[in-house]
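To start, the structure itself, in structure tokens.
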Amino acid sequence: MTAPLKGITLTHPWSWCVAHAGKRVENRTWVPERQGGRVGMYLAIHGGAVPLGAKRREAEADLDHVRRHILDIDQRAAATWDAVAIPGIVAIARLAAVTRDSTSIWAAQGQYHWQLVDVVTLPEPIAHKGAQGLWQVQPDVHKTLARFYRDALKAGV
């Protein structure tokens, strides 16, 4: 991770699903090149603040869906569920491909399917401001994430 590290903010519970529930497809209406990204890049996976109002009710409905249909697959992930509402960087991943025809259960029809690989979950979220689209990770946080990612991959995590 020597190039500037980009982050992408996912609404809850989707950032938690990338970090803990095996979600390896992120759905977007745009390709990463539109915002300075590219296949092969590393991404800091950021969970945004829990929304308010109608967006919060939508997030809670998504959360219930994940609880009913995903958590029974991996009960170990359930132990981390309380951390879902903590905003911050929760994982690092590499963008392996962008398609429109993924057969993953996580793929939404009509969207670009960003294929995430080499996902490494952080032991605790790292506080960082997120944004819409791709955004630049602060240099000090980038160094911390790069070190953690290298160590995790060496350890076979």
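The values are calculated or read from the model by the stated rules, or taken from the named source; none is laboratory data. Bear in mind the structure is a predicted one, so any value in this text is a computation, not a measurement. Cβ: placed from backbone, ideal geometry, glycine included. Neighbour counts: every protein chain shown.
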Notebook entry, point to check: Which of (1) at pLDDT 95 or above; (2) in a loop (DSSP other than H, G, I, E, B); (3) of a type outside the set (Val, Ile, Thr); (4) buried (at least 17 other Cβ atoms within 10 Å of the Cβ) does Gly110 not meet, given it meets every other one?
Noted result: (4)
Margin query: Of the conditions (1) part of a loop (DSSP other than H, G, I, E, B); (2) at pLDDT 95 or above; (3) surrounded by fewer than 19 Cβ atoms within 10 Å (Cβ to Cβ), Ser102 satisfies every one except a single condition; which number is it?
Written below: (3)
Next item on the list: Give the range 124-157 a look and list any residue that's of a type in the set (A, V, I, L, M, F, W, C) and in contact (Cβ under 8 Å) with a residue 40 or more places away in the chain, or say none.
Entry: Ala127, Ala131, Leu134, Trp135, Val137, Val141, Leu145, Ala146, Phe148
Next item on the list: Can you give me the number of residues within the range 30-49 that are within 18 Å of Ile89 (Cα to Cα) and either among the aromatic types (Phe, Trp, Tyr) or in a helix (DSSP H, G or I) (or both)?
Entry: 1
Checklist line | When residues of the range 122-157 are limited to those that are among the β-branched types (Val, Ile, Thr) and not in a strand (DSSP E or B), the one nearest to Leu10 (Cα to Cα) | finding: Val137
Notebook entry, point to check: What residue, of Arg76, Arg57, is more than 24 Å from Gly133 (Cβ to Cβ), of a type outside the set (Asp, Glu) and modelled with pLDDT of 75 or more?
Noted result: Arg57
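Within the range 20-42, work out how many residues are over 23 Å from Gln109 (Cβ atoms) and of a type in the set (A, V, I, L, M, F, W, C).
Initially, the range 20-42 is screened for residues over 23 Å from Gln109 (Cβ atoms), giving 20, 36, 38, 40-42.
Pick out the ones that are also of a type in the set (A, V, I, L, M, F, W, C) and you get 41.
So the count comes out to 1.
Let's see how each residue does on (1) modelled with pLDDT of 70 or more; (2) part of a helix (DSSP H, G or I):
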{"residue": "Arg68", "(1), (2)": "no, yes"}
{"residue": "Leu71", "(1), (2)": "no, no"}
{"residue": "Ile92", "(1), (2)": "yes, no"}
{"residue": "Val98", "(1), (2)": "yes, no"}
Notebook entry, point to check: What are the residues in the range 7-30 that are surrounded by fewer than 21 Cβ atoms within 10 Å (Cβ to Cβ) and of a type outside the set (A, V, I, L, M, F, W, C), if any?
Noted result: Thr11, Gly22, Arg24, Asn27, Arg28, Thr29
Next item on the list: List the number of the failed condition for Val50; all other conditions in (1) farther than 20 Å from Asp101 by Cα; (2) in contact (Cβ under 8 Å) with a residue 40 or more places away in the chain; (3) not acidic (Asp, Glu) hold.
Entry: (2)
